[in-house]
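> Below is one structure. I have some questions about it.
The values are calculated or read from the model by the stated rules, or taken from the named source; none is laboratory data. Since the structure is predicted, the reported quantities are computational estimates derived from the model, not experimental observations. No Cβ is skipped: glycine too gets one built from the backbone with ideal geometry, and neighbour counts run over all protein chains shown.
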Amino acid sequence: MAYTILVVDDDPTTRQALAMLVAEAGYEVLTSGDVPSALHVLEDSRPDLLITDVRLANHNGLQLIAMAPRPIPTIVLTGFADPSIEADARRLGAEYRTKPVEPSALRDLIARMLAPAEPFKALTGRRGAGRRRLPNSASVRVGQHLGRVVEVSAGGMRIEVHCAEEADLPDTLVLHIAASGISVPIAIVWKQRRADRTWLCGAAITHQAEAKWRAFLATL
């Protein structure tokens with residue numbers, strides 16, 4: 001059975017070119033143009049490998065890796081070389097390449113990452129190390145609602161938010177962590193209503209708050 005690869009890029013021309021390259025190499029291809037739809041594909045279709053751009057409209061590819069529902073081998077492609085982004089990508093267990101990338105080099109990298117001998121256990125260990133679960137006492141205020149941070153990573157977090165039955169959550173909110181005295185704007189990427197009147201959400205840190213968020217993570 002052929003491996004399935006998800007290609008995520010917000011530029012349609014680049015996305016189509018990458019998809020053609022992957023398909024010509026003999027793989028099944030899925031595509032997405034943004035983080036929310038890519039998260040749905042990762043959840044529903046469970047591809048074997050992810051290729052993502054860094055800049056994706058209101059989010060970025062590192063946030064996609066951090067919020068993926070399960071660890072997945074990932075290649076991060078970007079047209080802008082940035083040592084700090086490269087370090088973050090590798091800390092999340094991803095391979096990092098700058099565009100333009102030679103088609104033969106990309107095909108070889110894909111084959112190596114999907115080979116049975118690839119030490120994916122080590123990769124998932126690095127990937128898991130980027131996420132940190134917080135204790136039940138990590139209470140927060142999300143906009144006007146009380147909640148709890150379940151898990152944090154370099155790109156975002158999973159949170160539980162308590163709402164009245166009829167209440168919904170907007171796409172962007174401010175997260176207040178009273179115990180740490182930090183307030184950061186967040187973007188809700190996905191949310192799931194639960195029977196106990198809480199929302200379980202995946203939230204991304206907005207670009208302007210990334211430095212503040214990194215400083216907060218360093219204190220944990």
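> With respect to THR78, is the statement that it is among the hydroxyl-bearing types (Ser, Thr, Tyr), within 11 Å of the chain's Cα centre (by Cα) and either surrounded by fewer than 23 Cβ atoms within 10 Å (Cβ to Cβ) or at negative phi (or both) true?
When the stated conditions are applied, THR78 does not pass them.
> Shifting gears a bit: I need a count of the residues in segment 75-105 that are part of a loop (DSSP other than H, G, I, E, B) and at pLDDT 80 or above.
Count: 10.
> Moving on. For segment 1-48, give me each residue that is among the hydroxyl-bearing types (Ser, Thr, Tyr) and either at positive phi or in a loop (DSSP other than H, G, I, E, B) (or both).
Passing the criteria: TYR3, TYR27.
> Does ARG194 fit the bill of being surrounded by fewer than 18 Cβ atoms within 10 Å (Cβ to Cβ), modelled with pLDDT under 75 and not hydroxyl-bearing (Ser, Thr, Tyr)?
So ARG194 fits the description; yes.
> Here is a further query. Give me the pairs, please: first residue somewhere in segment 98-117 and under 16 Å from ALA2 (Cα atoms), second residue anywhere and small (Gly, Ala, Ser), beta-carbon distance under 6 Å, and either six or more positions apart or on two chains.
These pairs meet every condition: ARG107/ALA25.
> Tell me whether segment 55-72 contains one or more residues that are surrounded by fewer than 19 Cβ atoms within 10 Å (Cβ to Cβ), among the aliphatic types (A, V, I, L, M), touching a residue at least 12 places away in the same chain (Cβ under 8 Å) and touching a Phe, Trp or Tyr at 6+ places or on another chain (Cβ under 8 Å).
no
> Looking only at residues in segment 1-46 that are closer than 20 Å to ASN60 by Cβ and touching a Phe, Trp or Tyr at 6+ places or on another chain (Cβ under 8 Å), which one is surrounded by the fewest Cβ atoms within 10 Å (Cβ to Cβ)?
Filtering first and then ranking leaves HIS40.
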